[in-house]
Amino acid sequence: MRSDCVFFCPVRVRYGEVDRQGIVYNGNYVAYTDLALDEFFRSKGYPYRDLAEKYDSGVCHKKYTYEFISSAYEGDLLEVGVTGIRVGNKSFTMCFEVYRQGEEDLLMRCESVYVGYDIETRSSRPITDLMRSLLTA
């Protein structure tokens, strides 16, 4: 539900993101949710690249689950909402909801699981205190 979202990221659907019917190709929602994740952290003063490189707080994707409810079209201005953040020891789950700007009807819902990641050992590790504080503030 739109009112449950704690953050919104605007996305304009571009010509190259739609199929022959003018409908957003499902795979593009991965890019939309990735953008919303980055903009969520940027809004808190920490672009994701800085979190990963300067603050050693990188994560990697473990799982995406998408539910497509209705279609978005070329030229639509979408709002990707962030909601349902749950933080564990080594992972966190963030839910995304996509709406057309100014509308209440849900177009797509996504649940994404991210795991703390150590780039040197290429293995999972606990979420850093900084990441935890950004997710729970």
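The values are calculated or read from the model by the stated rules, or taken from the named source; none is laboratory data. The structure displayed is predicted, hence computed values, not measured ones. Using ideal geometry, Cβ is built from the backbone for each residue, glycine included, and neighbour counts are taken over all protein chains shown. Accessible surface areas use protein heavy atoms only, side chains included; no ligands, DNA or RNA. Shrake-Rupley method; radii C 1.70, N 1.55, O 1.52, S 1.80 Å.
To the nearest µm²/s, what D does Stokes-Einstein give for the chain at 20 °C and 1.002 mPa s, using the Kirkwood radius over alpha carbon pairs as Rh?
138 µm²/s
Can you work out the accessible area per residue across the chain, with the rest of the protein chains kept in place, probe 1.4 Å, in square angstrom?
56 Å²
Which value, in debye to the nearest 20, describes the size of the charge dipole of the range 1-51 about its Cα centre when Lys and Arg Cβ atoms bear +1, Asp and Glu Cβ atoms bear -1, and nothing else is charged?
140 debye
What list of ³J(HN,Hα) values in whole Hz, one per residue of the range 98-108 in order, does the Karplus curve 6.51 cos²θ - 1.76 cosθ + 1.60 (θ = phi - 60°) give from phi, with Gly and Pro shown as x?
10, 10, 6, 3, x, 10, 9, 6, 6, 9, 7
Compute the length gained on full extension between Y73 and D34: take 0.36 nm times their separation in residues and subtract their Cα-Cα distance, giving the result in nm to one decimal.
Contour length minus the Cα-Cα distance gives 12.1 nm.
For the range 110-121, take each phi angle, set θ = phi - 60°, evaluate the Karplus expression 6.51 cos²θ - 1.76 cosθ + 1.60, and give the result in whole Hz per residue in order, putting x for glycine and proline.
Those phi angles translate into 9, 10, 10, 10, 10, 10, x, 9, 9, 5, 6, 8 Hz.
Distance in nm between label sites at E120 and R49, each 7 Å beyond Cα in the beta-carbon direction?
Taking the simple label geometry, E120 and R49 are separated by 2.3 nm.
Each residue of the range 55-63 in turn: what ³J(HN,Hα) in whole Hz from Karplus with 6.51, -1.76, 1.60 and θ = phi - 60°, glycine and Pro shown as x?
10, 6, 10, x, 9, 10, 6, 9, 7
Of the accessible area of the range 74-137, with the probe set at 1.4 angstrom, what percent is carbon plus sulfur?
Carbon plus sulfur share of accessible area: 46 percent.
Mind listing the long-range amide H neighbours of L78? Cut-off is under 5 Å, sequence gap 5 or more, other chains count too, H placed in the peptide plane at 1.01 Å from N.
Excluding prolines and chain starts, which carry no amide H, the hits are V11, R12, V13, Q101.
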